[in-house]
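The values are calculated or read from the model by the stated rules, or taken from the named source; none is laboratory data. All figures in this text were calculated on a predicted structure; none of them were measured in a lab. Cβ placement follows ideal geometry from the backbone for every residue including glycine, while neighbour counts extend to all protein chains displayed. Quick note on the areas: whole protein, heavy atoms, side chains included, nothing else; ligands and nucleic acids left out. Shrake-Rupley method; radii C 1.70, N 1.55, O 1.52, S 1.80 Å.
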Amino acid sequence: MPAAENPPSTGFEGPEKKLEIDLCGVHDLGLREVNHEDWQGCLNFARCTIIGKKTNEFFDAYLLSESSLFVYAHKVILKTCGTTMLLKTIPKVLEFGSRIGASVEFVRFSRSNFNFPEE
């Protein structure tokens with residue numbers, strides 16, 4: 001195929017990854033009681049940084065250098081891309097759950113395919 005018909009790939013190659021951890025036995029604010037510094041310590045294992053935070057009555061949303069973290073009383077959803085290492089955050093999230101007297105109910109990890117696998 002001539003170069004004019006096959007433009008060079010553009011964009012960032014970093015498949016999205018998603019980690020969801022649900023807890024049971026949660027009371028009050030649950031995981032929302034975990035402070036900013038502790039969440040950042042957890043995210044250091046994934047190699048991303050908290051840039052901002054928005055809160056409402058249902059959850060806390062963190063804008064990350066590599067995507068987003070959503071913290072509910074009973075659930076954490078961490079979505080990232082690039083070279084992040086989400087699975088390395090699991091021990092810290094489980095520690096946070098233990099701290100609030102909760103136990104694991106459900107864990108799911110997913111990763112999409114590469115957009116440009118030939119590169």
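When every alpha-carbon pair in segment 21-81 is counted, what percent end up more than 14 Å apart?
Of all Cα-Cα distances in segment 21-81, 53 percent exceed 14 Å.
Leaving ligands, DNA and RNA out of it, rank 28, 22 by accessible area with a 1.4 Å probe, largest first.
Descending order: 28, 22.
List every residue whose amide H lies under 5 Å from the amide H of residue 105, counting only residues 5 or more places away in sequence or on a different chain, with H placed 1.01 Å from N in the peptide plane.
The list, which skips near neighbours in sequence, is 22, 23, 24.
For residue 111 paired with residue 44, estimate the spin-label separation in nm (one decimal), with each label point 7 Å from Cα along the Cα-to-Cβ line.
Here the modelled spin labels are 2.4 nm apart.
Tabulate in residue order the Karplus-calculated ³J(HN,Hα) for segment 22-29, using 6.51 cos²θ - 1.76 cosθ + 1.60 with θ = phi - 60°, rounded to whole Hz; enter x for Gly and Pro.
Computed from phi, the couplings for segment 22-29 are 9, 10, 10, x, 8, 10, 6, 7 Hz.
Calculate, for residue 36 and residue 103, the FRET efficiency according to 1/(1 + (r/R0)^6) with r their C-beta to C-beta distance and R0 22 Å; round to the nearest 0.05.
After rounding to 0.05, the efficiency reads 0.35.
When the scattering of segment 49-110 is computed by the Debye formula from its Cα atoms alone, each counted once and equally, what is log10 I(q)/I(0) at q = 0.17, 0.25 Å⁻¹?
-0.63, -1.24
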